[in-house]
Each structure stands twice: as structure tokens, then as C-alpha cells.
């Protein structure tokens, strides 16, 4: 009886699986990682943490926004009320306007050998013709005084805001009606270069240029007779359009006030040249052409002393033509002095950027420039 009661109270066992089979296991719940439950109504990561993780900055306060707007307004006011010429006159010692080399569109300021700043855009812009430096009044102050930070620059500009430059009015030609004409009209009104004229005598006697070169220059219409025995040299763009006139006499040098400096061009190789010779002045270009007996493969050009935007554009077009010629090369014949070396360095950067080879074509005999060398050859090395 007792055994019968024990069997009745025992828990029934799972029937044994037949031999050779696998017993079916009871399903088990999948294990889960234990994570803390977020607080009621929150998503586990706070909004502050999300903002920090995503790099979201805090909203700008109204005071900060107002201060930034005030700074922008002041920068605009200073750009509009400060003339770059005033900066050169009042904030930097030693700078003076070169009236002879200035035009109404480009005022040339000098300070010592090789230091030049051209003011353009009605006083709102500037550039250094012997480097890549350019910009507005802020960059001009930093160009002149690199040690100043931007806050110090602003402080200096405030002191000259609204002050007009004091440079004298550009010199006008004796004939006031002539100055109102365009460069092309003024060029057409001058006589072509003639043997025996005062201009011819100036170029042959004072500058020692041979008759053969002057005949070719006259035939190419790159030189005309100016007043008082001066010589006028044409600056033309790539299409042959006259853009300005460089003027040179025994006691005078200048450029048409309303003209643009591109390039003086001379040679037989126009359109088919493989060598480009670059100089600062047209007389130096003619002097090297005379020394070389006017090489047929060479185009001789001059920049009028600096390298402005229009000159860079003209050179770039000539470089493109050169790239199509086998054995192409650029000869840099700038002056043999410190400013000339700066000019050469600037030209070299442009030439290398165009992918062309170049050579430094200094005048022989340690002459300052190619015309000086021509004078030495003629036995007049002491002439200025």
C-alpha cells in the first residue's frame, strides 16, 4: 500500500526516447543584455549629449550677432572711405607719386630702388608690379607693415578714413584739347618716324640706335614722333589694337594718362616666332634687336617698367603661341640691377607657370641695361 501511494504522488517522467534518437529539448528564452531602463519620458541619451556628440554649436546670442554685424559694417565703411593713395602718403614713410609713369587709371608710387605700388580702381585697389601682391586697403597696410595684426590694421585705417590723397594733379600736355582724345586718336595725329627729324636724331644720337632698326620700327608703325623731339612707342594688345602710348625724350618719360599698359612689340617673328625677348623699356628692346641684328625668330617686347593685369594677359597669350613652337624659349632682358632682378624673378614665375623654358639675358659688359651696352659699343659709355 505504501509503495502504491509513493507511485501516485511521483511526478510523471518524460517518456524515454528510443535508442539512437535525440531527445527533444524544451525551448529556452534567448539571452538579453542587461541595460538600464531610460527614465520615464526620456530616450536614454540627453539632448545636451547629442548636441555635443554631433558638434552642434549653441545658438548665437543676439549680442554676439550684433557685434559681428557691426564689424562687417565697419570693414565696408573703411573700404569705401579710405583711398590706397592716402595710405601710402600718410601711413608709410618715403612713398611718392611718379607722375611721369602714372595714368588716371593707374597711379605709380615709388620708394627707393625696386619698390613700386600701383594704385588702381579709383583708389580702392593696388598691386605690386614686381610680385603677386595685390588687394584692398587692408592688405596694403599689411603689405607695408607685415608685423601688424588685423585689429591693428583697422585701427590705423580709422585714422585716415575720409581723407583724400594730396598728390598733385597729373601733368597735362601743352595742348589741352589733345589730352581729351583717346590714345588711338592721339597716335594717328602724330607723324610717322622720319630720317632727320628731332625724334630720329634723339634715337640715333642720344640712344645710339642704328638706322636699320629705326627704319624697320617706322615701317612696323611701333614708333612715332612726339612733341619736343620725344619718341612715342605703341602698346598694343594681342589683336593689334593700340591701348596706350609710352613716351620718352631727353628729359621726359611718361605714359598716356587714359591708356592701358599691355606690351610694346617689335620684330619679324609676329605670329611665327619661337623666341620671346622681354624687357622693361622699348628702347632696351630695340637695343638688343640691334645687337642681335634683329633675329628673325624673335619677338622683342617691353612692359613699360611694371607687370600689371593687362600686361600679364598679353604675355599669357604670347606664351600660348610659343607652346606650339619647337625649341621655344623666353629671354628675360630686364635691367642689370636690383629692381631688374625683381622684375626678372616675377617674369620667371609667369613663364614657368606656362610650362616654358627661359634664360636670363643680361646685357654684356656689366652694363645696367641693353641701351647702356649699345652706348658702350659706340664708345659713349659715360653718357647717361
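Each reported figure results from applying straightforward, stated rules to the coordinates on display, with no laboratory input. Predicted model, so just to flag it, every value in this text is computed and none were measured. A quick note on method: Cβ atoms are made from the backbone with ideal geometry, for glycine too, and the neighbour counts reach across all protein chains shown.
Here the relative contact order of the range 91-165, from alpha carbon pairs under 8 Å that lie six or more residues apart, stands at 16 percent. With both labels modelled 7 Å from their Cα along Cα-to-Cβ, the residue 90 to residue 296 distance reads 6.1 nm. For the range 215-262, the alpha carbon convex hull comes to 76 Å³ per residue, rounded to a whole number.
Estimated at 0.36 nm per residue, the fully extended path between residue 323 and residue 115 surpasses their Cα-Cα distance by 71.6 nm.
If you model the range 270-334 as an ellipsoid using its alpha carbon gyration tensor, with each semi-axis the square root of five times an eigenvalue, the axes come out at 17, 17, 8 Å, biggest first. Be a star and scan the range 145-167 for residues whose amide nitrogen sits under 19 Å from the point 7 Å along the Cα-to-Cβ vector of residue 79. Zone members listed by number: 150-163. Between residue 228 and residue 348, the FRET efficiency estimated from the beta carbon spacing at R0 = 35 angstrom works out to 0.40. What FRET efficiency do you get for residue 377 and residue 250 if R0 is 22 Å and r is their Cβ-Cβ distance, rounded to the nearest 0.05? Once the sixth-power term is evaluated, E becomes 0.60.
Multiplying the residue separation of residue 219 and residue 241 by 0.36 nm and subtracting their alpha-carbon distance yields 6.2 nm. Counted residue by residue at 0.36 nm each, then reduced by the alpha carbon distance between them, the extension gain from residue 337 to residue 131 reaches 72.5 nm. Distance between the modelled labels on residue 195 and residue 148, one decimal in nanometres: 6.0 nm (7 Å Cα→Cβ projection). When you count the other C-beta atoms within 10 angstrom of each residue and take the mean per peptide, 334-347, 74-87 line up highest first as 334-347, 74-87. Label positions at residue 272 and residue 98, each projected 7 Å from the Cα along the C-beta direction, are separated by 3.8 nm. Would you mind calculating the relative contact order of the range 174-314 from Cα pairs under 8 angstrom and at least 6 residues apart, reporting the percent as a whole number? That works out to 20 percent. For the range 227-366, treating each Cα as an identical point scatterer without solvent, what Debye log10 I(q)/I(0) comes out at q = 0.10, 0.12 1/Å? The Debye formula, applied to the Cα set alone, gives -0.30, -0.44.
Three semi-axes describe the equivalent ellipsoid of the range 72-158; taken as square roots of 5 times the Cα gyration tensor eigenvalues and ordered largest first, they are 21, 14, 11 Å.
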